[in-house]
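Report on the following structure.
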Amino acid sequence: MSGGGHPADVAQGQCKHAEGPEKNFRNRREPTVRKGPFADTQLSHLTGRLATVVRWCVHLRVVGTASAPEQAIWLKTDAAPIQQSCGAPTDNPPCHHRHRWTTTLTTFAFLSQPGFLAAPAPQPGTPFAVAGIAWDGSTTNRPGARMAPRAIRQASQMLCDGTHPLFDVSPLGQLCDAGDLQLPNTSLERMRAAMPAQVEPLIRAHHMAWLGGDHSITLPLLQAYQAWLGRPLAVVHFDAHCDTWTNHFGEPSGHGTWVYEAMQQGLVLDACFSQIGIRSAGERSARDFVATRGGQIFTARSLRGLESPAQLAPMLAAIRQRLAEHGNPPVYLSLDIDCLDPAFAPGTGTPEPGGMNTNQVLTILEELADLPFVGMDCVEVSPPYDHSELSSQAAAAFVWTYLCGRVANADVQTRMQPGAAPV
């Protein structure tokens, strides 16, 4: 969609600033109602008024996408001269030949715009970045996670200026959005093969937050971080599922095998792998796999009724102690939205009742904000199954809280250097 202007412009088709598709839009005439023995003049009047309202909506859409200074200029300074040049009365809204469009439509159905928190495109020296990985070819139940990057970005718009109530900082001004990675849509092997060339330049330039996508994206991300840092990572893993199965319903890999594969490939420090919220059905060997490798598992059942920092202190202390015992290695955060109970996140592919609540996850993210994180992903949001954007809103809040925690702890961070972790 393009074009716009005030009612007089469109009705008269006289706006000399209109060009291209806009001109076609502006040249549309007022709808007319044929007059006859049974014509109602009031109906004709109301039809014309309706057309005016529609054009006002178009105008407001244009103004609404502008920054506050641009709105002030358009609505106050430039209104009279531009309108007069178009032959329109100056008490009507202006036609903006200098306007810009911010569209939510792109070349494919699930590729998303605008940016998270309306962040701009990447610029050199921007510390933090968000990127989408719109892939759900490895789901075992309900698909739709490929549409999550767009939904999470849209939900993030409700965070306004992004100032966090606990950290009292905003990532805006230090955050950019790299858009969605360009990946094959149907082959897991080809998707993973296409990721390194796009992921590696981003993690070298920015501290990244990745918007999934299903959980199969985490394995190639860990491979990229391990290759860049030259060492295995600690992982904090929120999930309803252990994701330690040795196969994906007969296939060698999928969104439920990435933990097993990461440990087999030496991408992670087994003893510094912490799982939070686990509760799904599964054989004991899979459920206890991380613990048998020396990691920690905090089940959803063990966390019932624990919400405040004081109540969660033993779990938080256990994670910190394990990291300290291994020299505080770089930490990666992987957050599957189904760690939440379906009451808080119904929009996910494999919902599991009896899960965590939103406050618990936020408390843990806030209390662990000073850990040496190197990046994060938020996965498994499925907008087609969401209700009132609950899951997307939660995901946006989690990513935002993580980013604000990084900004708030900037004094203890070192900038990314080849072979060294941003902590």
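The values are calculated or read from the model by the stated rules, or taken from the named source; none is laboratory data. The model shown is predicted, which means the values in this text are computed figures rather than measured ones. Please note: Cβ atoms are built from the backbone with ideal geometry, for glycine as well, and neighbour counts cover all protein chains shown.
A few points about this structure:
- Taken over the range 319-367, the criterion of being among the small types (G, A, S) and out of contact with any Ser or Thr (no Cβ under 8 Å at 6 or more places or on another chain) is satisfied by A324, G327, A343, G354, G355.
- Positions within the range 169-186 being touching a residue at least 60 places away in the same chain (Cβ under 8 Å) and either assigned to a loop (DSSP other than H, G, I, E, B) or among the hydrophobic types (A, V, I, L, M, F, W, C) (or both), in sequence order: V169, S170, P171, Q174, L175, C176
- The listed residue being more than 24 Å from F398 (Cβ to Cβ), free of Cβ contacts under 8 Å to residues at least 24 places away in the same chain and among the charged types (D, E, K, R), out of E189, E261, E200: E189
- Given (1) at pLDDT 95 or above; (2) surrounded by 18 or more Cβ atoms within 10 Å (Cβ to Cβ); (3) touching a helix residue (DSSP H, G or I) at 6+ places or on another chain (Cβ under 9 Å); (4) of a type outside the set (K, R), number of the condition L188 does not satisfy: (1)
- In the condition set (1) surrounded by 14 or more Cβ atoms within 10 Å (Cβ to Cβ); (2) hydrophobic (A, V, I, L, M, F, W, C); (3) modelled with pLDDT of 95 or more, A310 is compliant with all but (1).
- Taken over the range 319-363, the residue count meeting the criterion of being part of a helix (DSSP H, G or I), in contact (Cβ under 8 Å) with a residue 24 or more places away in the chain and surrounded by fewer than 23 Cβ atoms within 10 Å (Cβ to Cβ) is 9.
- Every pair of residues 6+ apart whose Cβ atoms lie under 6 Å, when the first sits in the range 280-292 and is touching a residue at least 40 places away in the same chain (Cβ under 8 Å) while the second is not β-branched (V, I, T): S280/A240; S280/H241; S280/E352; A286/C242; A286/W245; R287/C242; V290/F273; V290/Q275
Condition check ((1) basic (K, R); (2) farther than 17 Å from V381 by Cα; (3) touching a Ser or Thr at 6+ places or on another chain (Cβ under 6 Å)) across all residues:
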| residue | (1), (2), (3) |
| --- | --- |
| N141 | no, no, yes |
| M147 | no, no, no |
| S156 | no, no, no |
| C160 | no, yes, no |
| F167 | no, yes, no |
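- When the range 246-287 is filtered for residues that are modelled with pLDDT under 95, more than 20 Å from Q223 (Cβ to Cβ) and surrounded by 14 or more Cβ atoms within 10 Å (Cβ to Cβ), the ones remaining, listed by number, are S280, G282, A286, R287.
- Test: residue in the range 219-229 that is under 23 Å from the mean Cα position of the chain (by Cα), at pLDDT below 95 and not charged (D, E, K, R): no
- Scoring L105 on the criteria (1) of a type in the set (A, V, I, L, M); (2) modelled with pLDDT under 50; (3) crowded, with 19+ Cβ neighbours inside 10 Å; (4) within 30 Å of N185 (Cα to Cα) leaves a single failure, condition (3).
- Only one of D161, D214 that is buried (at least 23 other Cβ atoms within 10 Å of the Cβ) and over 21 Å from D370 (Cβ atoms): D214
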